1. Would you call PHE179 under 22 Å from ARG86 (Cα atoms) and in a strand (DSSP E or B)?
2. Within the stretch 185-221, work out how many residues are open to solvent by 40 Å² or more (accessible area, probe 1.4 Å), modelled with pLDDT under 95 and small (Gly, Ala, Ser).
3. Could you tell me whether any residue of the stretch 56-65 is more than 10 Å from the ligand (Cβ to nearest atom), in contact with a helix residue (DSSP H, G or I) (Cβ under 9 Å, 6 or more places away or on another chain) and in a helix (DSSP H, G or I)?
4. Among the listed residues SER93, SER113, SER105, identify the single one that is polar (S, T, N, Q), surrounded by 15 or more Cβ atoms within 10 Å (Cβ to Cβ) and either within 14 Å of the ligand (Cβ to nearest atom) or free of Cβ contacts under 8 Å to residues at least 12 places away in the same chain (or both).
5. Write out, first by first residue and then by second, each pair whose Cβ atoms fall under 8 Å of each other, whose residues are 6+ apart or on separate chains, and whose first residue, in the stretch 137-150, is near the ligand (Cβ under 6 Å from one of its atoms) while the second is among the acidic types (Asp, Glu) and at pLDDT 95 or above.
Amino acid sequence: MASIDLQPSKLGTKDHWNNVYQREVANFKETGDEGEVWFGEDSVEKMTKWTIAHAPPEMKPYILEVGSGNGTLLFSLLDAGYEPSRLAGIDYSPDAVKLARLIASSRRGEKISFAECNFLFDVPLPVGQQGSSIAGWNIVLDKGTYDAIALGEKDEVGRSPVEGYPGRVAQLLKKGGHFLITSCNFTEEELRASFATEETGMVYHSRVPHKTFSFGGQSGSEYATVAFQKIT
Ligand SMILES: C[S@@+](CC[C@H](N)C(=O)[O-])C[C@H]1O[C@@H](n2cnc3c(N)ncnc32)[C@H](O)[C@@H]1O
């Protein structure tokens, strides 16, 4: 696991996200505004396109979004033709789940499952797969959640809560399945160092290019979208 030296901030607390989504639920009820699209529409489009290219709707993949917030990414997959009963979002903020469910009912996406769940401690499995030995997801998605978890309080020996994350993903993916992540706190190299390890059984698969900027002779992107595949 690559060393994590981000300083804890309020973005790593459940209280922060509860406040955000409480506000967004109220806004949605009042105005129909679905709330913030984290990293913008472009990231939703790119993650949707990547998923269509590597696990098309005809394959009927089981897809989990970790920290699904208002559910925008899953609604985009629904619009792209994915089977709603195989799409699931989990979030540890009850109001995020409430918001996503309200939006789902207004968009005929009721069959998408949105559940309250802390990814670091619970084991979210696809509907009907509980107790099965082949349980798992074909695709696990993360848009901004690994970033948020990395800003959580460290434990008494200085370990970040995010250190348990790659192992959780590996535990939930089917063999051959993919993990696709968009992050603004970690570079592609840092993500590769944390996720493509012997311990996780995942290897680097591909990257999705983003607009680059140059500054002081260096060039880079504001965020990275990287895919990994579980091979063992
Ligand atoms: C930056 S927001 C991104 C939300 C959504 N993925 C999007 O793109 O709009 C991070 C999300 O992760 C959720 N989250 C943070 N830590 C979590 C955890 N341990 N388990 C589940 N969800 C978590 C927050 O409640 C929040 O909805």
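The values are calculated or read from the model by the stated rules, or taken from the named source; none is laboratory data. It should be emphasised that the depicted structure is a prediction, and the values quoted were computed from it without experimental measurement. So basically every Cβ, Gly included, is an ideal-geometry build from the backbone, and we count neighbours across all protein chains shown. Accessible surface is based on the protein model in full, side chains and every heavy atom, while ligands, DNA and RNA are left aside. Shrake-Rupley method; radii C 1.70, N 1.55, O 1.52, S 1.80 Å.
1. Numbers: under 22 Å from ARG86 (Cα atoms): yes; in a strand (DSSP E or B): yes.
Taking the combined requirement at face value, the residue satisfies it.
2. 5
3. Yes, some residue in the stretch 56-65 is more than 10 Å from the ligand (Cβ to nearest atom), in contact with a helix residue (DSSP H, G or I) (Cβ under 9 Å, 6 or more places away or on another chain) and in a helix (DSSP H, G or I).
4. SER93
5. Filtered contacts from the stretch 137-150: LYS143/GLU65.
Here's the yes/no breakdown for (1) more than 10 Å from the ligand (Cβ to nearest atom); (2) touching a Leu at 6+ places or on another chain (Cβ under 8 Å); (3) in a loop (DSSP other than H, G, I, E, B):
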{"position": "PRO8", "(1), (2), (3)": "yes, yes, yes"}
{"position": "GLN22", "(1), (2), (3)": "yes, no, no"}
{"position": "PHE28", "(1), (2), (3)": "yes, yes, no"}
{"position": "GLU41", "(1), (2), (3)": "yes, no, no"}
{"position": "LYS46", "(1), (2), (3)": "yes, no, no"}
